[in-house]
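Bear in mind these aren't lab numbers, they're just calculated from the coordinates by the rules spelled out. A quick note: this is a predicted structure, and the numbers were derived from the prediction, not measured. Glycine gets a Cβ as well: all are built from the backbone with ideal geometry, and neighbour counts include every protein chain shown.
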Amino acid sequence: MAFKMSVQKYSGKISEVEIGRGEKAIKIGGESTLPFYSFDGDTGNTPKVGIEMLDVYPEGWTNEFKEMYKDVCDCPVKWAKYIEENLKPDFICLRLESSDPNGLDRSPEECAKVAKNVVESVKLPMVIAGCGNHEKDAKVFEKIAQAVDGNNCLFLSATEDNYKAVGAASTMAYNHKVVAESSVDINLAKQLNVLLNQLGVKPENIVMQVGCSAVGYGYEYVASTMDRIRLAAFGQNDKTLQMPIVTPVSFESWHVKESVASIEDEPQWGCAEQRGINMEVSTAASALVCGANAVILRHPKSVETIKELVSALA
């Protein structure tokens, strides 16, 4: 008897979100089946890989990065141009570390000026990330959204604490996209999407960030949450969960001991830089097969490796 392959058809479909402008603009989402399951249906747009940079000198990054970017990391515009011209990611994530109230505590106006200069210096799509202080991020995002109006940026992130201010500024007052960030819980992810919808943010302007951790650090919770979200979106046609997912892998993977411990402290572990790359690649690959439509990385080798993986599987 001839082999007949079983095909799993779903009624749900992930919305498509466009980020950026012009010929470099990217689209994420659009799939109607599980990641890389091209034998079951339409896998939508190819997953995208971005690279992280800061708006200040990367004092807290490992020495390998400081050496790598030594000629450009003192100027965000130079840094962004270097990334675009040499590293070839699909997008750039500008992280506004200087806005942290526990750090430099730069004003929203200062941050907006820097972000505007960076966004206008490159053609790649931009993801704008805050410092993680929800109250400060809301104020900063409001000023930046206005400053970079017309560039269709993605703002990372709107949370339960600040979604009204971030959602209104980024997608309603100005023509940008917003990330709904929840903490590894399908119900919290759904609730935040509903709240943004009720505020007036259209579903096609929302991307989800449902949580992230480095592999080996509770990643199984992230994986199970992403699986449940995608199965609900496809199998149950749950429209409140049919948004693309972005995972900021570098925010987590470069803080664990395996990535930051020096070879002097852990000689049996081998090269510290390679360990960090391995952690980042492992986490990014896991996120993509669980349903992430875009990942944010830090090391150029990680970007290169993940792009090769995506190209081979897509």
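As a calculated quantity, the FRET efficiency between residue 70 and residue 37 at R0 = 30 Å, using C-beta atoms, amounts to about 0.10. Of the GluC sites (Glu not before Pro) found in the stretch 1-93, those that fall in a DSSP loop while having at most 13 other beta-carbon atoms within 10 Å are 59. Would you work out if the stretch 84-223 is rounded, prolate or oblate? Take a ≥ b ≥ c from the square roots of the eigenvalues of the alpha-carbon gyration tensor; rounded if a/c is under 1.5, else prolate when a/b is larger than b/c, oblate otherwise. Since a/c stays below 1.5, the shape of the stretch 84-223 is classed as rounded.
Comparing 60, 150, 211 in a Gaussian network model of the chain, where Cα atoms under 10 Å apart are tied by springs, the biggest mean-square fluctuation is seen for 60.
Every helix of 4 or more DSSP H residues in the chain counts as -39500 (n - 2.57), and over all residues that averages to -11500 deg cm²/dmol at 222 nm.
Our summary gives the chain a relative contact order of 20 percent, counting only alpha carbon pairs under 8 angstrom and 6 or more residues apart.
By the equivalent-ellipsoid construction on the alpha carbon gyration tensor, the chain comes out with semi-axes of 29, 25, 18 Å, ordered largest to smallest.
In the chain the longest region clear of chymotrypsin sites (Phe, Trp or Tyr not before Pro) that are loop-assigned by DSSP and have at most 12 other C-beta atoms within 10 Å covers 40-314.
What the Cβ-Cβ distance of residue 77 and residue 194 gives, at R0 = 22 Å and to the nearest 0.05, is a FRET efficiency of 0.05. Annotation note: trypsin sites (Lys or Arg not before Pro) in the stretch 8-99 located in DSSP loop regions with a Cβ neighbour count of at most 14 within 10 Å are 9, 70. In this structure, residue 220 and residue 240 have a Cβ-Cβ separation that, at R0 = 25 Å, corresponds to a calculated FRET efficiency of about 0.55. Spatial offset of the stretch 258-299 relative to the stretch 204-221 amounts to 16 Å, using the alpha carbon center of each. Once both labels are positioned 7 Å from their Cα atoms along Cα-to-Cβ, the gap between residue 175 and residue 266 label points is 4.8 nm.
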